[in-house]
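These notes are about the structure you will find just below.
The values are calculated or read from the model by the stated rules, or taken from the named source; none is laboratory data. Everything numeric here is computed off the predicted structure, so don't read it as measured data. Glycine gets a Cβ as well: all are built from the backbone with ideal geometry, and neighbour counts include every protein chain shown. Surface areas here come from the heavy atoms of the whole protein model, side chains and all, with no ligands, DNA or RNA. Shrake-Rupley method; radii C 1.70, N 1.55, O 1.52, S 1.80 Å.
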Amino acid sequence: MGLFDTKYGCFSEDGKEFIIHTPRTPRPWVNVISNGDYGLVVSQNGSGYSWRTHAGLNRITRWEQDLIKDEWGKYIYIRDSSSGKIWSAGWKPVCAEPDSYRCTHGIGYTEIESTYENVRSSLLMFVPNDEPLEVWKLTLKNLGSSPRRFDLFSYMEWGLGAAPDWHREFHKCFSSTEFVPEARAIFARKRLWEVPTENGHWNADWPYVAFHSVNSPVTGFDGDKESFIGLYGSVRNPASVQEGRLKGNSGKWSDPIAVLHVEVELAPGEERVICYTVGAASSESEARRLIARYGVLENVERSFVSLGEKWHRLLSTVEVSTPDKSMDIMLNTWLKYQAISGRLWGRTAYYQTGGAFGYRDQLQDSQIFLPIDPSYTEKQILLHARHQFADGTVHHWWHPLTEVGLKTDMSDDLLWLPFLVNNYILETGDRRILKKKAPFIDDAKQATILEHCNRAIDRVLKRCSKRGLPLIGAGDWNDGLSAVGLKWKGESIWLGHFLFKVLNDYASTISELDRHRAQLYMRRARNLRKAINRYGWDGEWYWSASKDSGEKLGSRTNKEGRIHLNAQTWSVISGVADPRRSGQVMDAVEKHLEKKAGPLLLYPAYKSPDEKIGYLTRYSPGMRENGGVYTHAATWAVIAESMVGRGEEAYRMFSKINPINRGMNPDEYRAEPYVTPGNIDGPESPSYGRGGWTWYSGSASWLFKAGMEYILGIRPALEGLVVDPCIPSTWDKFSVKRNFRGASLEIEIVNGHHVNCGVQSVLIDGKSATNLDGSGNGVVIPPFTKNTRHTITVSLGSSVQSHKKPRK
């Protein structure tokens, strides 16, 4: 028994592994494993795919999206040479009933263990640090009293380029396979890559050498799908596995696969370890080097230890201990891991196979690195600055490898660059990033990050209506509002809130560098706030957007989509709403939008398409953005509740969208309980409470931020580290370990009065600290000298400040 156990699985006692008891989970429960270049996705039954750099343009192995069958992947068949019985090292594709089964998804690895026919197998899969390959460590043990002999057949289909591989009969004409006996490997190449190059489209080699190897003597091989599976055969029971031998085909004229046959003999009680690799090298010599290195068991084991050490360094810089173990598990491990491995490095999963960078997406995701290692966030900022045009507009998304992108009329994308720069400076206290330089897409001349941010803001300021409200264009943060403002007449109240916050924060950031511009932005912010509150207030809440025709969305006058979440939460987050209205809008959120799985993005759902709104209305009612819980936006409700001082409500909403809690009813929720979903079906769906679109969701970094910085209240400011908890009154205490500007801090919060009314006293290294600056009901701890360690004890009660500043 572990933590949060259900009939399908549980967390390990330290929360760093999720252990699945059966291959028959309600949906595939996967792990996204990436080192920033090479990656793989693997499900609890052993299916999945591999890629290098871009999961869509540079897929190494074939996979088709089918979450019902989940039968595409890389497999190892185990055949008893005497009886002819066949099973898999994972459950798929044979689906033999194991005597025991256990899949452990860990940080950077997955291990599938099973027992069948008195044989115990363990298949450990991981991606080494900084190498373009994956390693499979297969361990077999004979549990019986008689000697056993087995045939092992590995199997995968080569993709070698763009995915999905929808025109296989065409693409297989350009692929070739080669068995290299001395390397115990199959190499695969392709003479065509479906991406634009300087030689023109469809006129270049795939610039890699794919390989699959094993460190045991190879009895046979095959590179031809038809000869292995058999015409009209099935991966569940391939002809060659039934026969116990391979045909040995390879070359340029077949449907390319990789199969290696290894024979294993085990005495009673004997155990054997076999190591496989799959990868994509830049040259044959590199492929051979990698095969040789990871063909040595000691190197495999050292690499696995090194992998664990790397993830420990990344995840251990921030750790919490609260009365809620599920919050601890998510904040300490899984939200960080999901944001880094899944969203920033892998950029792909099962519900969405991607590979591109989203301008707003990965900028927001990179917030996760701020308390871990801000240099990663800095690299992300510089990368995105290079994907801005000289007029301030940006690529909505772009593809690494080709740099092909979509110039956007989305109205918010531009502003996430100054938003992240502001947050970076709050964390580091270092404004030097503003002087770093990057070119524009259409101008190779280097410009400072300061100039990049200025151009983004100035472009948005030029896109305002006569009423002074920002225009929505092809959509604000909500991509589904894709037709609201195509004529550049429709307005966005949410964008107004966001722009107001960016203007205020950025003006403060640059006030010493460019006083005139800072004053200009502050003046525009004041005018914007007046316009929003004059025109955007709908009586009990803010309406969300207006069509080009002027018709409002998210208004009490609407039959469908009467209230939208983002326009309410960001009025609080930005400071557009005064304290009275802040309370009103959050009352409306709780009354109209908060449901059992969290706050809906809008309500009621649209029942029929509206071509003047966009594709959001074409979703089934209650699904995704159309009346579902869109987890990314739901995290902002947690922040807003905290900012108005509602500790119980903030924690309640956090708990509702916490996947561990949702996963305690797994047959309703269906999705993985260890990572956030993109969405949860709302009450107008017959599958109310069903999670989906897991892993590839921007909600992971934001839920971490909501829990750490607003409920626990430990967040950065220019002056130092804010301690401003907004916790449930029932909590006695909690603690946070955090690095901040080079110092290691151990913070303990004691809530002796069981009220949520602010900081009463502060001890720093055992000594009373007085004359600390205030922030809301909290205090600001000044930065310490680098490479020092400090303990901070904070007691909650009546505030130490005689005057309260608004929460930031």
Counting only residues in region 163-198 that are modelled with pLDDT of 95 or more, in contact with a Phe, Trp or Tyr (Cβ under 7 Å, 6 or more places away or on another chain) and of a type in the set (Phe, Trp, Tyr), the one farthest from Ser283 (Cα to Cα) is identified as Phe179
In region 368-382, residues that are closer than 20 Å to Gly707 by Cβ and of a type in the set (A, V, I, L, M, F, W, C) total 4
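Do we find that Leu335 is open to solvent by less than 10 Å² (accessible area, probe 1.4 Å), touching a helix residue (DSSP H, G or I) at 6+ places or on another chain (Cβ under 6 Å) and either assigned to a helix (DSSP H, G or I) or not small (Gly, Ala, Ser) (or both) in this structure? Write out each step before concluding.
Numbers: open to solvent by less than 10 Å² (accessible area, probe 1.4 Å): yes; touching a helix residue (DSSP H, G or I) at 6+ places or on another chain (Cβ under 6 Å): yes; either assigned to a helix (DSSP H, G or I) or not small (Gly, Ala, Ser) (or both): yes.
Against the criterion (open to solvent by less than 10 Å² (accessible area, probe 1.4 Å), touching a helix residue (DSSP H, G or I) at 6+ places or on another chain (Cβ under 6 Å) and either assigned to a helix (DSSP H, G or I) or not small (Gly, Ala, Ser) (or both)), Leu335 qualifies.
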Ala444 meets each of (1) at negative phi; (2) surrounded by fewer than 22 Cβ atoms within 10 Å (Cβ to Cβ); (3) more than 29 Å from the chain's Cα centre (by Cα); (4) modelled with pLDDT of 95 or more with one exception, condition (4)
For helices (runs of 4 or more DSSP H) lying entirely in region 373-462, having 2 or more residues that are over 30 Å from Ile714 (Cβ atoms) and acidic (Asp, Glu) picks out 449-461
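Filter region 351-372 down to the residues that are of a type in the set (S, T, N, Q) and closer than 19 Å to Met410 by Cβ, then identify the one that is most open to solvent (accessible area, probe 1.4 Å).
If we filter region 351-372 for residues that are of a type in the set (S, T, N, Q), which is where we start, we get 352-353, 362, 364, 366-367.
Checking which are closer than 19 Å to Met410 by Cβ leaves us with 352, 362, 364, 366.
Working: Gln352: 66, Gln362: 1, Gln364: 1, Ser366: 0 Å².
Per the criteria, the residue is Gln352.
Which one of these is open to solvent by 20 Å² or more (accessible area, probe 1.4 Å) and of a type in the set (S, T, N, Q): Asn58, Asn129?
Working: Asn58 fails: open to solvent by 20 Å² or more (accessible area, probe 1.4 Å).
Going through Asn58, Asn129 in turn, the sole match is Asn129.
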Counted residues in region 367-413 being among the aliphatic types (A, V, I, L, M) and without any contact (Cβ under 8 Å) to a residue 12 or more places away in the chain come to 1
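Only one of these is over 23 Å from Lys462 (Cα atoms), free of Cβ contacts under 8 Å to residues at least 12 places away in the same chain, out of contact with any Ser or Thr (no Cβ under 7 Å at 6 or more places or on another chain) and not aliphatic (A, V, I, L, M): Arg556, Arg580. Name it. Steps first, please.
Details: Arg556 fails: free of Cβ contacts under 8 Å to residues at least 12 places away in the same chain.
Being over 23 Å from Lys462 (Cα atoms), free of Cβ contacts under 8 Å to residues at least 12 places away in the same chain, out of contact with any Ser or Thr (no Cβ under 7 Å at 6 or more places or on another chain) and not aliphatic (A, V, I, L, M) holds for just one of Arg556, Arg580, which is Arg580.
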Okay, helices (runs of 4 or more DSSP H) sitting entirely in region 472-582 with 1 or more residues that are surrounded by fewer than 17 Cβ atoms within 10 Å (Cβ to Cβ), I get 493-510, 515-535
Exactly one of Thr377, Thr348 is more than 29 Å from Cys453 (Cβ to Cβ), buried (at least 21 other Cβ atoms within 10 Å of the Cβ) and at pLDDT 95 or above, and that one is Thr348
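Limited to region 173-207, what total is found for residues that are in contact with a Pro (Cβ under 8 Å, 6 or more places away or on another chain), farther than 19 Å from Ser240 by Cβ, open to solvent by 10 Å² or more (accessible area, probe 1.4 Å) and touching a residue at least 40 places away in the same chain (Cβ under 8 Å)?
Step one: of region 173-207, the residues in contact with a Pro (Cβ under 8 Å, 6 or more places away or on another chain) are 175-177, 184, 188, 193.
Those still in the list that are farther than 19 Å from Ser240 by Cβ too: 175-176, 193.
Still in the list and also open to solvent by 10 Å² or more (accessible area, probe 1.4 Å): 176, 193.
When the remaining residues are screened for being touching a residue at least 40 places away in the same chain (Cβ under 8 Å), the result is 176.
Selection size over region 173-207: 1.
Restricting to region 96-107, and then to whatever is touching a Ser or Thr at 6+ places or on another chain (Cβ under 8 Å) and not hydroxyl-bearing (Ser, Thr, Tyr), can you tell me which residue is least open to solvent (accessible area, probe 1.4 Å)? Break it down into steps so the answer makes sense when it comes.
So in region 96-107, the residues touching a Ser or Thr at 6+ places or on another chain (Cβ under 8 Å) come out as 96, 98-104, 107.
Filter once more, keeping what is not hydroxyl-bearing (Ser, Thr, Tyr): 96, 98-99, 102-103, 107.
Values: Ala96: 21, Pro98: 36, Asp99: 115, Arg102: 102, Cys103: 0, Ile107: 19 Å².
Among those residues, the one meeting the criterion is Cys103.
Looking at region 676-686, can you tell me whether even one residue there is under 21 Å from Phe654 (Cα atoms), outside any strand (DSSP E or B), open to solvent by 30 Å² or more (accessible area, probe 1.4 Å) and touching a Lys or Arg at 6+ places or on another chain (Cβ under 9 Å)?
Yes, that holds for at least one residue.
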Across (1) crowded, with 23+ Cβ neighbours inside 10 Å; (2) under 19 Å from Pro677 (Cβ atoms); (3) touching a helix residue (DSSP H, G or I) at 6+ places or on another chain (Cβ under 6 Å), Gln44 clears everything bar (3)
Matching residues in region 22-32 (part of a loop (DSSP other than H, G, I, E, B) and either crowded, with 18+ Cβ neighbours inside 10 Å or within 24 Å of the chain's Cα centre (by Cα) (or both)) number 6
Cβ pairs under 7 Å, 6+ apart or interchain, first in region 258-287 and more than 12 Å from Pro217 (Cα to Cα) and of a type in the set (Asp, Glu), second open to solvent by 40 Å² or more (accessible area, probe 1.4 Å) and in a loop (DSSP other than H, G, I, E, B), ordered by first then second residue, are Glu265/Pro147
Picked from region 755-797 (must be more than 34 Å from the chain's Cα centre (by Cα) and exposed (fewer than 13 other Cβ atoms within 10 Å of the Cβ)), the residue modelled with the lowest pLDDT is Val755
**Asked** Do the conditions hold for Arg652, that is, is it surrounded by fewer than 21 Cβ atoms within 10 Å (Cβ to Cβ), out of contact with any Leu (no Cβ under 8 Å at 6 or more places or on another chain) and without any contact (Cβ under 8 Å) to a residue 40 or more places away in the chain?
**Response** yes
Just one listed residue, out of Leu401, Leu406, Leu417, is aliphatic (A, V, I, L, M) and open to solvent by less than 60 Å² (accessible area, probe 1.4 Å), and it is Leu417
Quick check, is Asp361 part of a helix (DSSP H, G or I), over 16 Å from Ser699 (Cα atoms) and either at pLDDT 95 or above or under 9 Å from the mean Cα position of the chain (by Cα) (or both)? no
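Just checking, which of Lys530, Lys559, Lys547 is over 15 Å from Ile613 (Cβ atoms), modelled with pLDDT of 95 or more and charged (D, E, K, R)?
Numbers: Lys559 fails: over 15 Å from Ile613 (Cβ atoms); Lys547 fails: over 15 Å from Ile613 (Cβ atoms).
Within the list Lys530, Lys559, Lys547, the selection yields Lys530.
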Log entry, pairs with first residue in region 733-752 being without any contact (Cβ under 8 Å) to a residue 60 or more places away in the chain and open to solvent by 10 Å² or more (accessible area, probe 1.4 Å), second being in a strand (DSSP E or B) and polar (S, T, N, Q), beta carbons closer than 8 Å, six or more apart or on different chains, reads Glu746/Ser735; Glu746/Thr791; Glu748/Ser735; Glu748/Thr791; Glu748/Thr793; Val750/Thr793; Val750/Ser795; Gly752/Ser795
Q) If you go through region 74-91 one residue at a time, do you hit one that is touching a strand residue (DSSP E or B) at 6+ places or on another chain (Cβ under 6 Å), part of a strand (DSSP E or B), under 26 Å from Lys336 (Cα atoms) and open to solvent by 10 Å² or more (accessible area, probe 1.4 Å)? A) no
